[in-house]
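Worksheet: one structure, shown below.
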Amino acid sequence: MPKTKYHTASIFFHWLVFFLVIAAFAVIELKGQFPKGSEPRELCKTVHGVIGQLIFIAMALRLIVRFTYGVPKPTNPKPLFVSLATAMHWMLYALLLISPIFGILYFQYGGKEIHFFGLVWPQLVTPNPEMKKVVEGIHEFLGNSLYFLIGIHALAGLWQHYVLKDATLRRMLNKIVI
Ligand code: HEM
Ligand code: HEM
C-alpha cells in the first residue's frame with residue numbers, strides 16, 4: 001500500500017542531517033580564519049571530519065529506513081514534478097554518502113589521522129600528494145554542488161508551503177497525517 005506519511009525515523013534523520021550539514025559547512029568556513037598549519041585550523045578540519053562521518057552514518061541509516069518502510073509519493077502528482085523531486089532526493093542521498101568518502105581519502109592521501117570519538121582509522125592507502133590534490137578537488141566540487149542542490153531543495157520546500165500551501169513541509173515536520 002502506498003505510504004501517506006514519513007516514518008518518524010526518516011523525519012528525525014532528515015532534520016538531524018540538516019543541522020549536521022550546517023555545522024560541517026560552518027566549521028570548514030571557520031577554518032579559513034586561521035593561518036595555515038595553526039592548531040585551530042587543524043582542529044576545524046578534525047571536527048569537520050567527525051561531523052562528515054556522522055552525516056554518512058545518518059544517511060546510511062536513513063536509506064535503510066527508506067528501503068524497509070518506504071516514503072510517501074511527492075504531494076504534487078504532475079509527472080514532471082514527481083521526477084524532479086525524486087531526482088533531487090536521490091542526488092542528495094548520493095552526494096551526502098559520496099562526499100564523506102572523498103573527505104576520508106583526502107586525509108588518507110595526505111597521511112593524516114582521521115579521528116572518530118576516540119577511534120583512529122587505519123591507514124588504508126599510501127600517502128600521495130598528487131592523489132591528495134585530485135581527491136581534494138573532487139571533495140570541493142561535491143561540497144559546492146551540495147550547497148547548490150540543498151538551496152534549491154529548501155526553496156522548493158518553502159515554496160510548496162508558503163505559495164502552494166500544500167502539506168509537503170508539514171508532513172516532513174510530523175505535523176500532519178494525510
Ligand atoms: C557530507 C559530508 C561532507 C561535506 C558536505 C563536506 C563538505 C566540505 C566542503 C564544502 C569543504 C570546503 C571545500 C573548499 O575549500 O571549498 C570541505 C573541505 C574539507 N573536508 Fe569535507 N565534507 C564532508 C565530509 C568530510 C569528511 C568525512 C572528511 C574527512 C574525514 C572531510 C574532510 C575535509 C577536509 C580535510 C577539508 C579541508 C580541505 C582544505 O584543507 O581546504 N570532509 N568539505
Ligand atoms: C542538509 C539539508 C537537506 C537535505 C540533505 C535534505 C534531503 C532530503 C531528502 C533526501 C528528502 C527525501 C525524503 C527522504 O528520503 O527522507 C527530503 C525531503 C524533504 N525535505 Fe529536505 N533536505 C534538507 C533540507 C531541507 C530544508 C531546509 C527543508 C525546508 C524547507 C526541507 C524540506 C523537505 C521537505 C518538505 C521534504 C518532503 C518532500 C516530499 O515529501 O515530497 N529539506 N529532504
Members of the range 93-141 found to be within 30 Å of PRO74 (Cα to Cα) and surrounded by fewer than 19 Cβ atoms within 10 Å (Cβ to Cβ), listed by number: TYR93, ALA94, LEU95, LEU97, ILE98, ILE101, PHE141
VAL125 over 19 Å from the mean Cα position of the chain (by Cα), outside any helix (DSSP H, G or I) and among the aliphatic types (A, V, I, L, M): yes
So GLY49, is it surrounded by 13 or more Cβ atoms within 10 Å (Cβ to Cβ), touching an Asp or Glu at 6+ places or on another chain (Cβ under 9 Å), of a type in the set (Gly, Ala, Ser) and over 30 Å from GLN160 (Cβ atoms): no
Considering residues of the range 60-100 that are among the aromatic types (Phe, Trp, Tyr) and over 25 Å from HIS48 (Cα atoms) only, the residue modelled with the lowest pLDDT: PHE81
Filter pass, LEU146 being assigned to a helix (DSSP H, G or I) and either within 13 Å of ligand 2 (Cβ to nearest atom) or touching a residue at least 12 places away in the same chain (Cβ under 8 Å) (or both): yes
Hits in the range 112-154 (condition: touching a Lys or Arg at 6+ places or on another chain (Cβ under 9 Å) and either at pLDDT 95 or above or within 15 Å of ALA24 (Cα to Cα) (or both)): PRO127
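The values are calculated or read from the model by the stated rules, or taken from the named source; none is laboratory data. Everything numeric here is computed off the predicted structure, so don't read it as measured data. Note that each Cβ is placed from the backbone with ideal geometry, even for glycine, and that neighbours are counted across all protein chains shown.
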